[in-house]
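Asker: Let me begin by handing over the structure; questions about it come next.
Throughout, read-outs are computed from the coordinates displayed, never taken from laboratory work. All of these numbers come straight from a predicted model, not from anything done at the bench. Backbone-built Cβ (ideal geometry, glycine too); neighbour counts: all protein chains shown.
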Amino acid sequence: MTTTPEQNKALVLKAFDTLFGKRDYVAAEELWSDRYVQHSRHIPPGRAGLFDLVRSLPDTLRYENQFVTAEDDYVILYGRYSGTGSPKAAVVADVVRIENGKLAEHWDVWEDEATHAESASGLPMFGDHFPPDH
């Protein structure tokens, strides 16, 4: 199955909304490969590891996407995860490989979101405003 970068971007955005936003695990199973490979340091292996992690997070979990790009079978998302139970939101670059119309492999670069006081550049990491300083 050959897909375009535009189709891959739409698939990954739909998958992230289905899992992290709607928490619809049955629908998410149709979007993530049953042979899903997870490279993240904080997520257990496979599709079950990812789904179990999301199940363990508070209902306040939220994913916001700021940017998405794709080339061939790879999609890169730049987004924010908040409401995870951690004191700070995380700003994350997620890299996903698509295979046979499903999310097949994942890598990420994960960083706590800086407040204005913590930002050496004076610019927010995500969006156009800073999170509240605590």
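Asker: In debye, nearest 20, what is the charge dipole magnitude of the chain about its Cα centre with +1 on Lys and Arg Cβ and -1 on Asp and Glu Cβ, if you could check?
Answerer: 300 debye
Asker: Before anything else, pin down the relative contact order of the chain: Cα pairs under 8 Å, at least 6 apart, normalised by residue count, whole percent.
Answerer: It comes to 22 percent, rounded to a whole number.
Asker: Another question about this same structure. Under 10 Å, Cα contacts only: if you run a Gaussian network model on the chain, which one of ALA93, ALA27, ALA70 comes out with the highest mean-square fluctuation?
Answerer: The residue that fluctuates most here is ALA27.
Asker: Using DSSP to define loop residues, name the trypsin sites (Lys or Arg not before Pro) in region 23-64 whose beta-carbon has at most 15 other beta-carbon atoms within 10 Å.
Answerer: Working: sites: ARG23, ARG35, ARG41, ARG47, ARG55, ARG62; in loops: ARG23, ARG41.
Those satisfying the criteria are ARG23, ARG41.
Asker: Throw me the Rg/Rh for region 1-77, computed over C-alpha atoms with Kirkwood Rh, two decimals.
Answerer: A ratio of 0.95.
Asker: How big is the C-alpha Rg of the chain next to the rule-of-thumb value 2.2 N^0.38 Å, as a ratio?
Answerer: Scaled against compact globular proteins, the figure is 1.07.
Asker: Can I ask one more? What ranking do ASP128, ASP17 get, fewest neighbouring Cβ atoms within 10 angstrom at the top? Walk me through the numbers on the way to the answer.
Answerer: Numbers: ASP128 7, ASP17 16.
Exposure proxy ranking, most exposed first: ASP128, ASP17.
Asker: Additional query: Taking +1 at the Cβ of each Lys and Arg and -1 at the Cβ of each Asp and Glu, which of GLY127, VAL37, THR4 sits farthest along the dipole of the chain towards its positive end, judged by Cα position relative to the Cα centre?
Answerer: Highest projection toward the positive end goes to VAL37.
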